[in-house]
1. If the viscosity is 0.692 mPa s and the temperature 37 °C, what Stokes-Einstein diffusion coefficient in µm²/s follows for the protein assembly as shown when Rh is the Kirkwood radius over Cα pairs?
2. Of A:THR72, A:GLY62, A:SER9, which is farthest towards the positive pole of the stretch A:3-113's charge dipole, taken about the Cα centre with +1 and -1 on the beta-carbons of Lys, Arg and Asp, Glu respectively?
3. Take the Cα pairs of the stretch A:3-113, get the Kirkwood Rh, then feed it into Stokes-Einstein at 4 °C and 1.567 mPa s and tell me D in µm²/s.
4. Would you work out the charge dipole size for chain B about its Cα centre, treating the Cβ of every Lys and Arg as +1 and the Cβ of every Asp and Glu as -1, and quote it to the nearest 20 debye?
5. Gain in length, B:LEU84 to B:ALA20, computed as 0.36 nm per residue apart minus the alpha-carbon separation, to one decimal in nm?
6. Could you compute how much accessible area chains B and A hide from each other, both sides summed, with a 1.4 Å probe? Nearest 100 Å² is fine.
7. Please compute, for peptide A:43-49, the average count of beta-carbon atoms on other protein chains lying within 10 Å of each residue's beta-carbon.
8. Compute, for A:SER26, the solvent-accessible surface of its heavy atoms (probe 1.4 Å) with the complete set of protein chains present, and express it in square angstrom to the nearest 10.
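The values are calculated or read from the model by the stated rules, or taken from the named source; none is laboratory data. The model shown is predicted, which means the values in this text are computed figures rather than measured ones. Reconstructed Cβ throughout: ideal geometry from the backbone, glycine too, with neighbour counts over all protein chains shown. Just the protein is used for accessible areas: all its heavy atoms, side chains included, with ligands, DNA and RNA removed. Shrake-Rupley method; radii C 1.70, N 1.55, O 1.52, S 1.80 Å.
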Amino acid sequence: AQSVTQLDSQVPVFEEAPVELRCNYSSSVSVYLFWYVQYPNQGLQLLLKYLSGSTLVKGINGFEAEFNKSQTSFHLRKPSVHISDTAEYFCALISSGSARQLTFGSGTQLTVLP
Amino acid sequence: EAGVAQSPRYKIIEKRQSVAFWCNPISGHATLYWYQQILGQGPKLLIQFQNNGVVDDSQLPKDRFSAERLKGVDSTLKIQPAKLEDSAVYLCASRQGVWETQYFGPGTRLLVL
C-alpha cells in the first residue's frame with residue numbers, strides 16, 4: 001500500500017518570503033508524484049508533476065519541486081510568495097502498475113500574510 | 001476548452017434523505033473519477049470509470065452509495081440514505097490518456113443535518 005504524508009497542516013508566511021511545503025511518501029514500487037492547489041470553493045488544479053527524468057520539476061505560478069528518491073520526498077518550493085498563493089496544497093502519488101489512481105496527502109494550508 | 005462541470009454546487013439535506021450529484025467530464029475524456037473530500041482531509045477515491053465500465057469501486061460504500069455512467073459521458077453519484085458522516089465535498093475528475101492530467105470539477109458541497 002502507498003501513502004502520502006504532508007508534515008505541516010498549516011504554513012503561514014509573509015508576502016515575498018520563500019516557502020517550502022513538505023511531502024513524504026511511502027510505496028513499495030515506483031511512484032509518480034504530483035502537487036495540486038485548491039483555492040476556496042474551487043476544484044483542484046495541477047501545479048506540477050514528476051513522471052521521470054530531471055528530479056527538479058518546474059510548475060505554474062513560479063512553483064518548483066524536487067524529487068528525492070533516497071529520502072522519499074517531493075517538497076514544493078517558491079522563492080517569493082504572493083497574497084494570491086493563499087490556498088490549500090495537496091501532494092499526491094500514483095503507484096506504477098496501479099490503475100492510475102491518485103493517493104492524496106491531507107493537505108497544507110498556505111496563508112500568505114501582508 | 002470547457003472544464004469538468006458539476007451540479008449542484010451546494011446541497012443541504014437531512015439524514016436518511018437521498019441525494020444525487022451530476023458530473024459532465026471534459027469532452028473526449030474516457031476516464032472519470034468520483035472523490036469524497038471530508039473537511040481537513042485530502043480527496044479519497046470512491047469510484048473510477050473507463051468509458052461506461054467500472055474500473056475500481058472498492059472504496060465505494062455500496063450499501064448507500066451508487067454511481068453510473070451509462071453512455072460513457074456524464075455520470076451521477078447517488079447517496080441513499082444519507083448519514084451525517086457523508087457531509088463532504090464530492091469532486092469529479094476526468095482524464096484523457098493514461099498519463100494525462102486529471103482535471104477536477106469545482107465539487108458539490110454536501111451538508112447532512
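1. D = 181 µm²/s.
2. Comparing the listed Cα positions along the dipole, A:THR72 ranks first.
3. Answer, rounded: 93 µm²/s.
4. Computed charge dipole of chain B: roughly 320 debye.
5. Result for the pair: 21.5 nm of gain on full extension.
6. 1600
7. 5
8. Per-residue accessible area (A:SER26): approximately 60 Å².
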